[in-house]
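Here the structure is laid out as structure tokens; the discussion comes afterwards.
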Amino acid sequence: MGAICLSKGNGLPLSTGNEQLPQDILDEEKQEDGERFLRIPPTADMLAAAQSHAQSVFKTESMTLDEVRIWTNKNPFITAILCSQWGQYLGYFDVLPLTESGETRMVSGLIEEREISSDDVFAPEEMSNAKTLYVAGIAVKGMGTELGKNRAAAMLVGLANYIEYFYGVEQRRIIAVAATPAGEQILKRVNARICCLSCNRKDGHDLYEFYFTPQLYEQVMRVAKRRADPPRIESVAHPIWLVDPSLLHILTGSTADSYYHIKTLEDTLRRCLVQELSKITDKWWKQRIPNDTRENSEKRMEGAVQKEPWKTKEAFKPVDFLDFTDYEKVILRNDNWKEAFKPIFHNKEYVQLRMSELVALRNSIMHGRELTWDDKQKVSIFCKELLRPFAVHEDLGIEIAGANSRKPDD
């Protein structure tokens, strides 16, 4: 949508060498937007907000919303939106997985950004095959302020996690245009080099390249996280096509809304478990999670750790590996229900009924089976009913406030 512009006058602390990193982005206290997260793919409203933001930052160099939609219609996962805990728009980035022809045309200078066509971008089921990624734009709100720099650090961590999430940390070529001095400074801090001079390009800007490696990923995680907590990825974009391409219709077809409802419910219940049980005891994972549930979750986590050894230990939490059926077990366990969840959900039998009904519907979605109209209505109604105790933004499908966690009566 534009180019790279994360903070005025301050490049982000990216490094692949041993040079001294700027301390102003490290030493400030963490600012508060609540728990930030990345929304992938963005809603139509958020995509429009990102385009408006890009226009205010990059002026005439920004693309129109219709031009951006040429890309997102081909692959809705190229744009990520940074949001506050309350669903407020904070910034965006675009990462395009270029086809071989798209890469050649862009690197040679034959085309500028707005001339990248849908044929130059991989579709979702093929995007992991991209050898070159084009970072089309990055921007955060509040540039030049302390909060803006904090958001910029969060965006940097989010961008690194996004690339790792979709493409892994194998050495992959990243190209980007530096349309501003701040953008140029950022690129130089990752030891990017010019691969196409401005005099050879239609847009009149130098095109830079660098390589995303495990070492760079670790550097970003280690340095930028000192300034800002990593944003959580809130997405229907789990790369399930790497497992079963037949599930792709979940992401773009009529079942997508049902997936959103289920995903929102799972994320909200997981956060509710942590929030409410940790009020009772710091050892809630051992004392309040059934033994078999805890052991199975830890085994799944161990398997994930072995598959992704480049991630730090802090990146893995056993609660994130609970199965959908585990939420019911934990919530309805007698001591948990009495001390934590009864004031929230009130009716134990109702929770049990709705969760058991959702299990089969969720399994149908995850296994690529198209839902009937009646089943889609059930998913929508049941999820909204279970989410009623929480403050939920219906359009964005995210939790924007904690549970109504008043203490049970003595």
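State whether the residues of the range 59-69 include one that is part of a helix (DSSP H, G or I) and farther than 22 Å from Ile175 by Cα. Checked the range 59-69: at least one residue is part of a helix (DSSP H, G or I) and farther than 22 Å from Ile175 by Cα. Just to be sure I understand, how many residues within the range 303-327 are surrounded by 12 or more Cβ atoms within 10 Å (Cβ to Cβ) and assigned to a helix (DSSP H, G or I)? Residues meeting the conditions: 11. Go through the residues of the range 291-309 one by one and say whether even a single one is over 30 Å from Glu170 (Cα atoms), over 28 Å from the mean Cα position of the chain (by Cα) and modelled with pLDDT of 90 or more. Yes, because at least one residue in the range 291-309 is over 30 Å from Glu170 (Cα atoms), over 28 Å from the mean Cα position of the chain (by Cα) and modelled with pLDDT of 90 or more.
For the range 197-228, residues that are out of contact with any Ser or Thr (no Cβ under 7 Å at 6 or more places or on another chain) and either within 25 Å of Arg105 (Cβ to Cβ) or of a type in the set (S, T, N, Q) (or both) total 14. What number of residues within the range 255-290 satisfy the criterion of being at pLDDT 90 or above, buried (at least 21 other Cβ atoms within 10 Å of the Cβ) and farther than 18 Å from Trp337 by Cβ? Residues that pass the stated criteria total 0. The C-beta contact set for the range 43-60 (first residue free of Cβ contacts under 8 Å to residues at least 12 places away in the same chain, second residue part of a helix (DSSP H, G or I), distance under 9 angstrom, 6+ apart or interchain) comprises Ser52/Leu65. Of the set (1) modelled with pLDDT of 75 or more; (2) β-branched (Val, Ile, Thr); (3) under 26 Å from the mean Cα position of the chain (by Cα), all apply to Val392 but (1). Look at the range 98-123: where a residue is in a strand (DSSP E or B) and a partner is hydroxyl-bearing (Ser, Thr, Tyr) and buried (at least 16 other Cβ atoms within 10 Å of the Cβ), sitting 6+ places away or on another chain with Cβ atoms under 6 Å, you get Leu98/Thr132; Leu98/Tyr134.
For (1) part of a loop (DSSP other than H, G, I, E, B); (2) surrounded by fewer than 22 Cβ atoms within 10 Å (Cβ to Cβ); (3) of a type outside the set (Ser, Thr, Tyr); (4) at pLDDT below 85, each residue gets a yes or a no:
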position	(1), (2), (3), (4)
Ala139	no, no, yes, no
Gly144	yes, yes, yes, yes
Met155	no, no, yes, no
Ala179	yes, no, yes, yes
Ile194	no, yes, yes, no
Tyr208	no, no, no, no
Tyr217	no, yes, no, yes
Val220	no, no, yes, yes
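The values are calculated or read from the model by the stated rules, or taken from the named source; none is laboratory data. What you see is a predicted model; the values in this text were computed from it and never measured. Cβ sites come from the backbone with ideal geometry, for glycine too, and all protein chains shown count toward neighbours.
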